2 protein chains.
Amino acid sequence: MTNMIRAEVITIGDEILFGQITDTNTQWIGTELTNIGIRVTRKSSVGDQADAILQIFHEAHQRADVIIITGGLGPTKDDITKKTLCTYFGVGMVRNAEALALVTSFFEKRGRAMTDLNRAQADLPANALYIQNDWGTAPGMWFEHDKRIYVSLPGVPFEMKHLMSNRILPKLREHFKTPVIKHKMIRTVGIGESFLAERIEAWEDALPESIKLAYLPSFGGVKLRLTTTGNDEATLDQQLADQVEKVLPLIEKNVFGFDEDELEVVVGRLLQERNLTLGIAESCTGGFVSSQITKIPGSSAYFWGSVVSYSNVVKVNQLGVDPSTLDQFGAVSEETVRQMAEGVRKALGTNVGIATSGIAGPDGGTPDKPVGTIWIACSTEQRTVARLLRLGQYRDQNIQLTSTYVLNMLREELLSMNAEV
Amino acid sequence: MTNMIRAEVITIGDEILFGQITDTNTQWIGTELTNIGIRVTRKSSVGDQADAILQIFHEAHQRADVIIITGGLGPTKDDITKKTLCTYFGVGMVRNAEALALVTSFFEKRGRAMTDLNRAQADLPANALYIQNDWGTAPGMWFEHDKRIYVSLPGVPFEMKHLMSNRILPKLREHFKTPVIKHKMIRTVGIGESFLAERIEAWEDALPESIKLAYLPSFGGVKLRLTTTGNDEATLDQQLADQVEKVLPLIEKNVFGFDEDELEVVVGRLLQERNLTLGIAESCTGGFVSSQITKIPGSSAYFWGSVVSYSNVVKVNQLGVDPSTLDQFGAVSEETVRQMAEGVRKALGTNVGIATSGIAGPDGGTPDKPVGTIWIACSTEQRTVARLLRLGQYRDQNIQLTSTYVLNMLREELLSMNAEV
């Protein structure tokens, strides 16, 4: 652990503490710093009060080499990060000509009048290195102070990401000579954390000291993260690859990918490799499965479309579900979900169809079919399979889990097709 | 600020620092504590190292009355919260009979064999008050130590939420007599932060000292949050209501709701009030708009379904878009998006149809129609309106913003229908 560069990430804003916005910034920053071998050792959020901000600055100074600060740079009066940085560094505020020119051109381009509040966004603490923000009017700032690096960035996620990716990360890489931290993530689906742990116990116990294992459970899957630190990237990669090779045979059926692989990306790859197109019929998932598929750039190569059939009229007219099936078995039934999966294939003209129909909750449950009763199906040119899920009470979770399970069903069907060819 | 109860929220886990999971827990906890008048003054994340965990425990002890700790309670070896709590409190570990019975019945019900790792989940620090977790095998724990309350909860969001809602929040309310913090949130759409600030500047300057204003920008909208603290809930509510009444006329057209109102909830309410049904035709948003609508419980009362028409074949066959329109103007055009909105109304038999068609990116842009060129439309029984959005380069953002804008277009159309009746 010699020469390890330690970073702390600080977010400023009452809205974070009071739970009124979702903080996605610190996760992203954590990933990016980790990738360049800087170890995040603490994340903190404090409110828009100068004393709380000064306190965390002083604390972070004791512990870290790099302090990344986001938030509190807006044009409005509740944003006090710049003023507090001035107090902390013992400097005054100076209007920065370059920053002012950028703010001015930002407003000119949009044909809008500039206000004094906007102009004040070009005021920076005197010791700041101005870091240009191409996406907004709040500036980025870089400070070197008492052997530490302080970076202040706007809290708006895409502005922060742009500044970090294009300006700050390269500067940090240049400034520090860092040891390398390498991770390998094994992504599993359909097996619980403790069962996974039992399955790989002997392997885990035999892991060398230098490799750390973490179990990261999420909806419908557990990620296994292997981490190692050293100087030579190739050696570290090899160490990780050796361990992956050992553990894989123990859990092969449950592994759908590695590292950043998402299930929807893996499924897309399998469809493309087989030159197959996909259509989706969604009832209880209400468009969520489709939005998971289409958040992947390039998904139009294999995804043709979906029918979200919340009403039975849509199930009958758009998907060709037999009204007598609905009468006899109900919308949440094996018979209906099979007809939906087969129907969407025919209606849209795709090779493969998947379908969901169930009771997501919180209402609509019956003694026979309680909330969480959900049918999923996958129809290919060879066969149609269906499965009953018995999930919980929470609507959001039921929708997300159903999406994971139906995409995993699709993955398994695509793999089995491969085997049959 | 006398008698204010201060809370700190601590999350434990390398996966949070390294950015490998999204932390949604602390946002939720922040909201819940705020709602019972406990002020969250710091949030921190530390890794799975005993020294880092002990350090943040000692720090939080100096500053807070309540310390809520999540994570690090899993059955696997990287989870060390319980062991570290023992060290911190200077106590040993004791197997809790009640906890063991719960773990045992949890596995019996599921017909699974229990492992030693599972059994060890019933081991608690000797000074812990055991708090039963009905949703998983990791226990909740409550500690009273040196006039502070420490609460340790599993990191799995639904287990944590269940324990907080049903066990911990009531205990905290009982334990502390807290002053009341009241918030009022005004939710706007279609106006930028600095323009909003200019519009309400005189009102903001005249706000009494006791009321705090914050601007919370998010996709396509800005939330205005008013906060006040005191002892009498009714008085505080009245103070906030008085200010809302003053500011509302300045920004009336941009306000779509208050507090927890989401745009999709407001739209649903408007549809129900008018007894209208909705159908959606989505191209570039790929199901996202539908999933926003259907994440609202009870949306089946007004939402009938959607057609996600990624391929032109689906636009023609399912939505009745004229092939010659696609040839002449392209899929991303006013003509096509109007036919999509009108077509989905007809195909699904709904009163209202909305549609999106554009280039979400990162690929598919042309000099004529760069990435971010997106058409939206809304068709009612009275008329069809369409609008061109010129958005940015980022796929996720383009999808989210388009969803906000098309739902706001629907809101405006529904309101204008009301005016015409």
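Looking only at Cα atoms, what is the convex hull volume of segment A:103-146 per residue, in Å³?
64 Å³
Would you kindly state how much longer the chain becomes between A:ASP396 and A:ASP327 on full extension, computed as 0.36 nm times their sequence separation minus their alpha carbon distance, in nm to one decimal?
So the chain would gain 22.0 nm between A:ASP396 and A:ASP327.
Output needed for segment B:167-219: three equivalent-ellipsoid semi-axes, defined as square roots of 5 times the C-alpha gyration tensor eigenvalues, in descending order, whole Å.
Ellipsoid semi-axes (Å, largest first): 33, 16, 6.
Pairs A:LYS295/B:LYS184; B:LYS315/B:LYS346; B:LYS43/B:LYS82; A:LYS77/A:LYS171; A:LYS295/B:LYS295; A:LYS109/B:LYS212: which exceed 23 Å Cα-Cα?
A:LYS295/B:LYS184; A:LYS77/A:LYS171; A:LYS109/B:LYS212
Across chain B, how large is the tail of the calculated P(r) beyond 27 Å, expressed as a percent of all Cα pairs?
Here the tail beyond 27 Å accounts for 63 percent of pairs.
Run lengths n ≥ 4 of DSSP H only: what is the helix-derived mean residue ellipticity at 222 nm for the protein assembly as shown, with -39500 (n - 2.57) per run over all residues, to the nearest 500?
Using -39500 (n - 2.57) per qualifying helix, the result is -12000 deg cm²/dmol.
Sort A:VAL308, A:VAL103, A:VAL91 so that the residue with the fewest other Cβ atoms within 10 Å of its own Cβ comes first and the one with the most comes last.
Fewest-to-most ranking of A:VAL308, A:VAL103, A:VAL91: A:VAL91, A:VAL103, A:VAL308.
Chain B: longest stretch without exposed GluC sites (Glu not before Pro) (DSSP loop, at most 11 other Cβ within 10 Å), sites themselves excluded?
Between exposed loop sites, the widest span is B:1-208.
For labels at B:LYS212 and A:SER210 in the simple 7 Å Cα→Cβ model, what's the distance in nm?
Between B:LYS212 and A:SER210, the simple spin-label model gives 5.0 nm.
Between B:LYS346 and B:PHE158, what is the spin-label point distance in nm, taking each point 7 Å from the Cα along the Cα→C-beta axis?
According to this spin-label approximation, the distance is 4.3 nm.
Would you mind listing the distances between the A:SER105 label point and the same position in each other copy? Use 7 Å along Cα-to-C-beta, nm, one decimal, shortest first.
Spelled out, the distances from A:SER105's label point are 6.9 nm.
When the convex hull of the Cα atoms of segment B:6-175 is projected onto a plane and the area is averaged over all directions, what value comes out in nm²?
9.3 nm²
Along the Cα-to-Cβ line of A:GLU273, 7 Å from the Cα, sits a label point; which residues in segment A:163-192 have backbone N less than 17 Å from it?
A:187-189
Taking the simple approach of a point 7 Å from Cα along Cα-to-Cβ for both A:ASP242 and B:VAL94, what is their distance in nm?
Simple spin-label model gives 4.6 nm for this pair.
At a Förster radius of 22 Å, what calculated FRET efficiency corresponds to the Cβ-Cβ distance of A:ASP51 and B:LYS177, to the nearest 0.05?
In this case the efficiency is close to 0.30.
Once the label point is set 7 Å along the Cα-to-beta-carbon vector, what list of distances in nm do you get between A:LEU129 and its counterparts in the other copies?
Reported distances to equivalent positions: 5.3 nm.
Taking R0 as 22 Å, what's the FRET efficiency between A:TRP203 and A:ASP232 from their Cβ-Cβ distance, rounded to 0.05?
Given R0 = 22 Å and the Cβ-Cβ separation, E is 0.35.
Considering the Cα positions of segment B:180-258, please state its Rg to one decimal place and its Dmax as a whole number of Å.
Rg, Dmax (Cα atoms, Å): 12.2, 36.
Within segment A:318-392, which trypsin sites (Lys or Arg not before Pro) sit in a loop by DSSP and count at most 15 neighbouring Cβ atoms inside 10 Å?
A:ARG383
So how strong a dipole does segment A:180-258 carry about its Cα centre when Lys and Arg Cβ are +1 and Asp and Glu Cβ are -1, to the nearest 20 debye?
Using only the charged Cβ atoms, the result is roughly 340 debye.
For B:LYS171, place a label point 7 Å from Cα along the Cα-to-Cβ direction in every copy; what are the distances to the other copies, in nm, shortest first?
4.6
Counting other C-beta atoms within 10 Å, which of A:THR178, B:THR336, A:THR11 has the fewest, and how do the rest follow?
Listing A:THR178, B:THR336, A:THR11 from fewest to most nearby Cβ atoms yields A:THR178, A:THR11, B:THR336.
Take the eigenvalues of the Cα gyration tensor for the protein assembly as shown, scale each by 5, and report the square roots as semi-axes in whole Å, largest first.
So the equivalent ellipsoid measures 41, 36, 28 Å along its semi-axes.
Strictly greater than 25 Å: what percent of every Cα pair in segment B:263-420 meets that?
22 percent
Could you put A:ASP322, A:ASP116, A:ASP48 in order, starting from the residue whose Cβ has the fewest other Cβ atoms within 10 Å?
Exposure proxy ranking, most exposed first: A:ASP116, A:ASP322, A:ASP48.
If segment A:280-325 were replaced by its equivalent ellipsoid, with semi-axes equal to the square roots of 5 times the Cα gyration tensor eigenvalues, what would those be, largest first, whole Å?
In descending order the semi-axes read 24, 11, 6 Å.
Sort all Cα-Cα distances of segment A:26-107 into consecutive 5 angstrom bins from zero, then give the percent of pairs in each bin up to the one containing the longest distance.
Final binned percentages: 3, 11, 19, 20, 18, 15, 12, 2, 0.
Bear in mind that the values in this text are calculations on the coordinates, not laboratory data. None of the values given here were measured: they were computed from a predicted structure. FYI the Cβ positions are ideal-geometry reconstructions off the backbone, even for glycines, and counts take in every protein chain you see.
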